Every structure is written in structure tokens, then in C-alpha cells.
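To start, the structure itself, in C-alpha cells.
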Amino acid sequence: MPGKPGSNLTMHRYAVILLSLLSGQALLAQEPNLPDFGSPVDAVINKNQEAQLGRSVVAQLRAAGAILEDPQLKEYIQNLGSRLVGHTSDGTQSFEFFVVDDEAINAFALPGGYIGVNAGLILASENESELAGVLAHEIAHVTQRHIARSIYDNQRSSILSMATMIAAVLLGAATDSSDAVQGAIMAGQAGAMQRQINFTRANEREADRFGIETLSSAGFDTNGMATFFEKLGRRYGMARGQVPAILQTHPVSIERIAEARERTRLLPVAKPTDSMNYGLVKARLMIHQASTPEAAHAIFETRMTGDRTDPSNRYGLALSLAQLGLFDESERLFTDLAREYPGVIAFWIARGETLMRTGFVDAALRVYVEAVDLFPRNIPLTISYAEALIVAGEPARAHQILLDLLNNVPPTPAQIRLIARAANAEGDSGNAHYYMGEYYLAIGNGPLAIGQLRMALESPDVNSVDRARYQARLKQINEWLPDEQRRRRNDAPVEHQPEP
């Protein structure tokens with residue numbers, strides 16, 4: 001996993017500003033009323049519009065480099081969130097969980113079921129139930145439609161004005177110059193401030209109640225939520241300059257903690273053990289956030305003196321050794337871990353990747369083949385195997401297994417870009433451009449997606465089946481674009497974007 005890159009995007013400030021935006025819409029211009037779809041809230045923003053808004057925000061976060069695209073982190077947080085969702089949702093609401101590349105302790109829910117968790121929060125949690133408690137709380141904000149209800153409470157927003165304002169906030173945060181944006185958001189709120197605070201407190205209590213019930217149903221320790229917030233409150237006290245973002249956006253009071261404790265007391269007691277993947281994810285994040293490979297190695301050398309048997313400590317040490325170029329030592333550690341814990345996919349991936357880096361390509365591919373037989377269509381494993389196949393000069397095989405995965409599992413943008421890379425290495429330029437079109441569509445750039453599809457149609461040796469597929473997709477994307485943007489795009493010459 002690469003080291004932490006420098007970033008100007010301060011996600012903790014973004015979360016605070018976004019909360020103000022979503023809970024205090026009085027400053028937004030009055031828009032024509034939307035048709036009533038059967039619910040007072042839906043008359044302001046329906047579920048389709050919530051999903052559209054959430055996708056737009058996530059696309060901008062991804063474009064700004066704020067989301068950690070590590071497949072193993074993504075799989076873990078999505079699986080943990082999905083486990084909770086299975087005990088709280090009726091199946092009509094989809095959820096996507098992602099890890100934000102920010103050391104601040106925070107998490108947030110966006111419209112449409114998109115839930116972000118900062119790397120700093122995962123590392124600050126001391127057990128999996130604490131992390132699950134935060135996720136359960138954010139899930140409740142979505143299932144109870146608190147954002148939509150907040151907008152309805154103010155009756156002065158539209159999907160367009162909200163998207164524009166959030167984009168401005170994101171741009172201000174990304175360029176570290178959001179003072180003017182923040183000032184504009186706060187300017188019109190003084191008169192309605194107390195009403196907004198009361199509404200937020202009611203939402204927080206409701207999210208606590210539903211979240212704790214979800215924790216219990218999913219088999220986690222129901223004390224996890226209250227314990228985490230209580231620990232943060234004790235750690236930071238009332239020192240305003242040091243209060244983490246999660247306490248600014250999710251204010252904690254003695255009464256609120258007491259209520260959570262009382263609800264917990266009435267539910268069955270569970271004492272679950274943390275999953276191994278929880279510890280491995282924290283080890284990956286420690287490596288990622290360390291300032292240098294030497295610093296990462298020092299962290300795990302110290303941790304090993306406390307417990308040399310803990311697999312997450314051994315895994316972290318092996319990752320740090322690989323970063324230092326000590327591949328023989330790291331490969332031995334990964335091999336031992338894979339033999340001791342054959343059901344843990346992360347150890348198979350790490351072993352295969354280390355063998356590739358040491359030049360033992362055939363041995364690495366044998367490891368991958370064995371692992372894929374054990375764990376078919378596992379996303380992180382398939383991605384790692386495909387990358388190895390491309391390096392080994394077998395892009396057609398990489399294309400094949402990635403296409404099988406894409407046809408069976410909803411892909412991430414990084415996964416789509418990788419299949420474009422495989423097709424390009426294979427010499428299949430038409431499909432390489434087609435996949436890059438899908439990649440740009442996934443990150444919210446319709447015009448660039450159209451450009452790639454037009455290049456796909458111009459590629460040599462495109463067969464009739466693929467041509468029909470490209471044309472149908474091009475027509476579909478064109479219909480999604482606003483009229484003016486579509487006219488500009490179709491009148492423009494083909495732009496040859498960089499190869500995948």
C-alpha cells in the first residue's frame with residue numbers, strides 16, 4: 001500500500017460545512033415547487049434526487065483524491081456496513097461505504113446512502129463494535145431520511161442549488177480557501193439557529209436509537225456507540241480548538257450518553273470478538289499514514305515487542321519491510337501467515353504481490369491461481385491477480401477475469417480503469433476506450449465518457465457487435481447530459497485522452 005500522499009483537502013472542515021449546508025437551507029434561493037410524489041418530503045427531494053446528489057458529491061470527492069481506493073479497505077468497510085444494513089433496511093435503499101483519506105476523526109452520511117468514514121476514525125476505534133456503532137449511527141441518518149427531512153423543514157432548497165453549493169464547498173476545501181464559502185453559508189442562519197440546533201439534536205437521538213438497535217440485531221456490542229463517543233468526549237474535553245470533527249457534527253452531551261446507556265441496558269448482551277480483517281485494515285492504515293517507510297517500520301517493531309503473535313502486528317511489520325525493499329524477509333512473514341491462516345485473503349494477496357516484486361513471477365502466479373480457486377471472484381484478490389498477469393505479459397487472461405468480475409459484481413472506478421489497462425495491453429483498443437468511457441462515467445465526467453466512446457467507434461477492427469454496443473452506450477450517455485452540454489460536446493472534435 002503506498003504511503004500517504006500530500007493533500008490540501010481538509011475533510012473534517014468539509015464535513016462541518018456540509019452539515020451546515022444540509023441542516024440550514026435558509027440561504028438558498030427559492031426554486032419552483034417540485035411535483036408531489038406522495039410524501040411531503042418527496043415533494044422537496046425524492047429518493048432518486050437524493051441518490052443523484054450523493055453520487056455527485058462522491059464523484060467530486062474521488063476526483064479530488066479524497067477517497068482511499070485501496071480494494072482491501074473498500075471491501076472491509078463495505079462488508080461491515082452491509083452487515084449492519086441487513087438488519088436495518090427493507091432493501092429499497094442501497095448503500096455505498098468508503099474510506100476517506102483524512103486523519104481527522106469523523107464520519108458522515110450523504111444523500112442517497114453514501115457513507116464516508118475517515119481513516120482517522122477507524123484508527124481511533126479500539127474495537128470493531130465501536131467502529132460498527134459509528135456506521136450504524138450514520139446508516140440511521142440515511143434510513144430515517146434526516147437530510148431530506150431537514151431540507152423539507154426549511155422548504156427552500158432544490159437539487160440544483162444544493163449540488164452547486166456543495167460543489168463550491170468542495171472546491172473551497174480542495175484549494176484551502178473556503179473561508180468565503182463558509183462565511184456565505186453561515187451568514188443567513190442566525191435567525192433560525194436555535195430551531196436548526198433542536199432539529200439536529202432530535203435527529204442525533206433518533207440515529208442513536210436506531211443505530212443501537214441495529215448493533216444489537218447484527219451481533220455487535222451495543223455499548224460500542226456510547227463508549228466511543230464517551231471516550232472522545234473525555235479525551236478532548238471542552239478544548240474547542242482540539243475537538244475532533246465528529247464531535248462538532250455529532251455533539252455529545254451527558255444526557256445523550258446516558259440515554260444510549262439506558263437503551264443498551266434493555267437489549268441482549270453480546271461480547272463479540274473482533275474480526276481479523278479489522279486488525280489488518282488498521283495495520284494497512286497505519287502504514288499509509290506513516291510519514292516515511294522507516295517510521296512505519298518503527299511503529300510495528302514497537303508493536304511486535306508487545307505481542308509478537310498478533311497476526312495484524314506481523315502483517316504490518318511485513319508490509320513495512322516490503323516498503324523498505326526487504327522483500328525476502330517480508331515474503332517469509334507473509335508465507336508463514338498464509339500457512340497459519342489459509343482463510344485470510346489478505347495474506348495470499350500480500351504473498352503474491354511480494355513474489356512479483358522480487359521477480360519470482362511464476363511462483364507468484366501459482367500462489368494467485370491457488371488463491372483464486374479458494375476465493376473465486378473476491379474483488380481485491382482478482383484485482384491483484386490481474387495486475388500481476390498484466391506485468392507477466394498475459395493481459396488477455398487479465399481482461400478475461402476482470403470482465404467476469406465486472407459482470408458479476410458492481411465495479412469501482414479503479415476496477416474499471418484496470419480492465420481498460422488490460423484491454424489496452426492486449427491490443428484491444430476499441431474495448432480499452434469503451435472501458436475508459438465507463439471509468440469517466442463512474443467518476444461523473446459524462447463529456448469525457450462520450451469522447452472515449454467516440455474514439456472506440458473510430459478504433460480499427462471494431463466488429464459489428466462491439467460497434468452496436470458502443471453506439472447504444474453513446475446514445476444513452478448523450479441522453480443523460482444537459483441539452484447545452486450535449487450540443488457543445490457533439491460539435492467538438494474528438495479529444496484524445498491519455499491511454500489507460
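The values are calculated or read from the model by the stated rules, or taken from the named source; none is laboratory data. On a predicted model such as this, the values are computed, not experimentally measured, just so you know. Cβ coordinates were reconstructed from backbone atoms using ideal geometry, including for glycine residues, and neighbour counts include every protein chain displayed.
Couple of notes before you dig in:
- Arg256 being modelled with pLDDT of 75 or more, more than 30 Å from Asn313 (Cα to Cα), basic (Lys, Arg) and buried (at least 17 other Cβ atoms within 10 Å of the Cβ): no
- In the set Asn431, Asn478, Asn463, only one residue is out of contact with any strand residue (DSSP E or B) (no Cβ under 6 Å at 6 or more places or on another chain) and closer than 24 Å to Arg377 by Cα; that residue is Asn431.
- Pairs with Cβ under 7 Å, 6+ apart, first in region 283-303 and over 15 Å from Ala318 (Cβ atoms), second of a type outside the set (A, V, I, L, M, F, W, C) and exposed (fewer than 14 other Cβ atoms within 10 Å of the Cβ): none
- If the condition is being over 17 Å from Ser129 (Cβ atoms), surrounded by fewer than 21 Cβ atoms within 10 Å (Cβ to Cβ) and within 13 Å of the chain's Cα centre (by Cα), then region 76-95 contributes only Gln78.
- The listed residues are Leu73, Leu22, and the only one of them that is modelled with pLDDT under 85, surrounded by 18 or more Cβ atoms within 10 Å (Cβ to Cβ) and part of a helix (DSSP H, G or I) turns out to be Leu22.
- Scanning region 104-120 for residues that are modelled with pLDDT of 90 or more and in contact with a strand residue (DSSP E or B) (Cβ under 8 Å, 6 or more places away or on another chain) yields Gly113, Tyr114, Ile115, Gly116, Val117, Asn118, Ala119.
- Identity of the residue in region 337-348, among the aliphatic types (A, V, I, L, M) and in a helix (DSSP H, G or I), that ends up surrounded by the most Cβ atoms within 10 Å (Cβ to Cβ): Ala346
- Of all residues in region 121-133, those that are within 17 Å of Lys74 (Cβ to Cβ) and at pLDDT below 95 total 1.
- Hits in region 445-486 - residues which are in a loop (DSSP other than H, G, I, E, B), at pLDDT below 90 and surrounded by fewer than 11 Cβ atoms within 10 Å (Cβ to Cβ): Asp461, Pro482
- From Ile390, Ile379, residue being modelled with pLDDT of 95 or more and touching a Pro at 6+ places or on another chain (Cβ under 6 Å): Ile379
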